[in-house]
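Below is one structure, written out as C-alpha cells; the observations come after it.
The values are calculated or read from the model by the stated rules, or taken from the named source; none is laboratory data. All values derive from a computational prediction rather than experimental measurement. As a convention, Cβ positions derive from the backbone with ideal geometry for all residues, glycine included, and neighbour counts pool all protein chains shown. Protein only, heavy atoms only, side chains kept; ligands, DNA and RNA dropped before computing areas. Shrake-Rupley method; radii C 1.70, N 1.55, O 1.52, S 1.80 Å.
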Number of protein chains: 2
Amino acid sequence: MARPRKPLLSRDRIVGAASALVDAEGLDAVSTRRLAAVLGVSGPSLYNHFRNKEEILDAVADAVSAQVDLSMFEESDPRDWRAALHDWALSYRAALAAHPHIVPVLARGPGRRPAGLRVADAVFGAMVGAGWPPAQATRIGALMRYFITGSALGSFAGGFVDDETAYDPADYPHLGQAHLLADHRRQVDEGAFETGLRALLDGLTIQYEQYARPVGGDGDDTATVRLAPNRP
Amino acid sequence: MARPRKPLLSRDRIVGAASALVDAEGLDAVSTRRLAAVLGVSGPSLYNHFRNKEEILDAVADAVSAQVDLSMFEESDPRDWRAALHDWALSYRAALAAHPHIVPVLARGPGRRPAGLRVADAVFGAMVGAGWPPAQATRIGALMRYFITGSALGSFAGGFVDDETAYDPADYPHLGQAHLLADHRRQVDEGAFETGLRALLDGLTIQYEQYARPVGGDGDDTATVRLAPNRP
DNA sequence: ACCTGAACACCGTTCAAGT
DNA sequence: ACCTGAACACCGTTCAAGT
C-alpha cells in the first residue's frame, strides 16, 4: 500500500498522539519513529504534515497555550487589571501543570505559535487598557511569564531527592529537612506560587500608582498616563 | 595505545569541554562522541569518569551554580534580608545569562548538585535568620528560583520573531510592534527582570510585616516569629 | 497528495580486550 | 585504572518509488 484513498494522518492526529506520548513518558520518549508506530504508519510519513520534529513539539506546546483562559481580559472592568492578572496566572499555571513535560518547549517564547501569541496579545492589550504605559505592559507580560513558566518548569520541591543521607548537615547546615520536600512537593510548589503571585501583584500595585492613572473611571475611556522614572 | 601512564581525561577537563560546547552551540550540539572528539579520545572513554551523559550535563549546570555569589548572606545584617535577596538575584541571573543554554538542565532543581544545594541552603538559612518562619523561607527560595530561572530561560523578547509580517494585526490587535522586540531583546528582558524583582521584593516586604518580626534588633539573636494565616 | 522501504549520517551505552 | 574498537539498538531526515 502506498497512498490510501483517505489520508491516514492529519496534523491534529499527530499532535494528539505526540501530546499523549509527552504526557505519559516525557519529551525524551518522543521519537519520530515511536510516534509513527503509535499512529500505525512508518516514520517518514510524518514529514508530509510537519517539516520536522521541532514543529510537531511546537504544535504540542501551542495546544497547551490554547487551554489558557483569557476571558478575564475581555469581560472585566479595565480597572481590575490586578484581578484579571491573578486569575489568568492561575489558569496559565494550571494548564502548564497538567502537561509539565512540554514546558521547556513552551518556555522558549511564543515565536510563531498562534495560541502563545494570543496569550501575549491579550495580556499586553489588557494592561495598556488599564492605563499602564506600553513599555510597562510589555514588562508585565514578560515577568509574569518568567514566574509562571519558571514555577511549572522547576518544581522546586520535586528537585530535591527523597533520601535522608543526601543532604549532609556539615555541607548544608540549613537543609536538614530537605529530603522531606519530595513528599510535600505539590504543597510546597503551590504555596510558593501563591506567595510569589501575591507578592508580585502587591508590588505591581505599588508601581501602578507611580506609573499610571486608571482609565474609564468617569466614562472617559482614554488612558491618562503619567510617565515616571524607572527607579523611584 | 590502551591506557596511558598519565590519564588523558579528568572530570574537570570533561566538564570544561562540555561547557564550552554548550555555550558555543547549545545543548543539542553536545553528544558524547563529539565531546570525546574535542578531548582527543574515543567516545566510550567518558564512561570511565561519568556514569552517563546526563551526569556530565548536571556537572556543567552545577559549575554555573558555583558562580553565584552568596557572600551577601554571610556578611550582611540579618535584618537586611531584602537587600541580600536583591543582590543575590542579580548575581544568580548574571550567572545564568552568561550560559543560557544550560538553564533547562539547571531549572530541573538542585537534586544532588552540590553548588545548587549550597545556593538553596544559603537562601533558606538567611531568610530564617532574618525572622521568616521556615515554611515561608522555603517558599521564598522556591519563588525566587521560579522567577530567576524563568527569566533566564524564556528571554521573552527573544521569543518573538524579527519579521514584520509574522504578527497580523487582525489576529493579534495589540502586537503591532512585536517584531521590534527582537532588536531590543536585552533591554526588554532586563527591564522586565528589574520590574519583576522590585515588585517581588516590595510584595514580600508587605508579607514580612505580617509573618515575622526582625531578629537581632536589640542584641537578641533568636527569631521572634509570629505565625499568621496564609491569606490575610 | 500521501504513504512506503531503503539509505545516510548520526546517536548513547555496553563490553571484551589491551596495557 | 583507563583507554580502545566493535557492536547493539536506536535516532532524524531525505528520497526515489508506488498509487
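Take the Cβ-Cβ distance between residue B:98 and residue A:41 as r, set R0 to 45 Å, and report the resulting FRET efficiency rounded to the nearest 0.05.
0.55
Expressed as a rounded percentage, what relative contact order does the range B:61-153 have, with Cα pairs under 8 Å and six or more residues apart?
39
Please give the length that would be gained between residue A:13 and residue A:33 if that part of the chain were fully extended, namely 0.36 nm times their separation in residues minus their C-alpha to C-alpha distance (nm, one decimal).
Here the segment from residue A:13 to residue A:33 would lengthen by 5.7 nm.
Let me have the relative contact order for chain B, percent, based on Cα pairs under 8 Å that are six or more residues apart.
Value for chain B: 17 percent.
Span-like helices, chain A: DSSP H, alpha-carbon axial extent 15 Å or more, mean Kyte-Doolittle 1.0 or greater, which ones?
Going by DSSP H runs, the hits are A:114-129.
Go through B:120, B:31, A:149 and say which Cα lies farthest out towards the positive end of the charge dipole of the protein assembly as shown; charges sit on Cβ, +1 for Lys and Arg, -1 for Asp and Glu.
Selected residue: B:31.
Could you compute how fast the range B:61-153 diffuses translationally, taking Rh as the Kirkwood radius over C-alpha pairs and applying Stokes-Einstein at 20 °C with viscosity 1.002 mPa s? Give it in µm² per second.
Reported coefficient: 164 µm²/s.
Nm distances between the label at residue B:176 and the same-position labels in the remaining copies, 7 Å along Cα→Cβ, shortest first?
Spelled out, the distances from residue B:176's label point are 6.2 nm.
Assume the label is 7 Å from Cα along Cα to beta carbon: what separations in nm does residue B:74 have to the matching positions in the other copies?
Once sorted, the set of distances for residue B:74 reads 5.7 nm.
Rounded to whole Å and sorted largest first, what semi-axes of the equivalent ellipsoid does the C-alpha gyration tensor of the protein assembly as shown yield via the square root of 5 times each eigenvalue?
Over the Cα atoms of the protein assembly as shown, the semi-axes work out to 36, 34, 20 Å.
In whole Å, what are the extents of chain A along the principal axes defined by its C-alpha atoms, from largest to smallest?
Between the extreme Cα coordinates on each principal axis of chain A lie 70, 59, 26 Å.
Could you tell me what % of all Cα pairs in the range A:92-224 have separations over 22 Å?
That tail contains 53 percent of the Cα-Cα pairs.
Run the 1.4 Å probe and let me know the accessible area of residue B:81, rounded to the nearest 10 Å².
Answer for residue B:81: close to 10 Å² accessible.
Place +1 on the Cβ of every Lys and Arg and -1 on the Cβ of every Asp and Glu in the protein assembly as shown, take the dipole about the Cα centre, and give the residue among B:135, B:175, B:210 whose Cα lies farthest towards its positive end.
Farthest towards the positive pole: B:175.
Please report, for residue B:48, the nm distances (one decimal) from its label point, 7 Å out from Cα along the beta-carbon direction, to the equivalent points in the remaining copies, shortest first.
5.1
Taking the Cα centre of the protein assembly as shown as origin, work out the dipole magnitude from +1 charges on Lys and Arg Cβ and -1 charges on Asp and Glu Cβ, in debye rounded to 20.
My answer is approximately 1900 debye.
Rg (Å, one decimal) plus Dmax (Å, integer) for the alpha carbons of the range B:1-109?
17.4, 62
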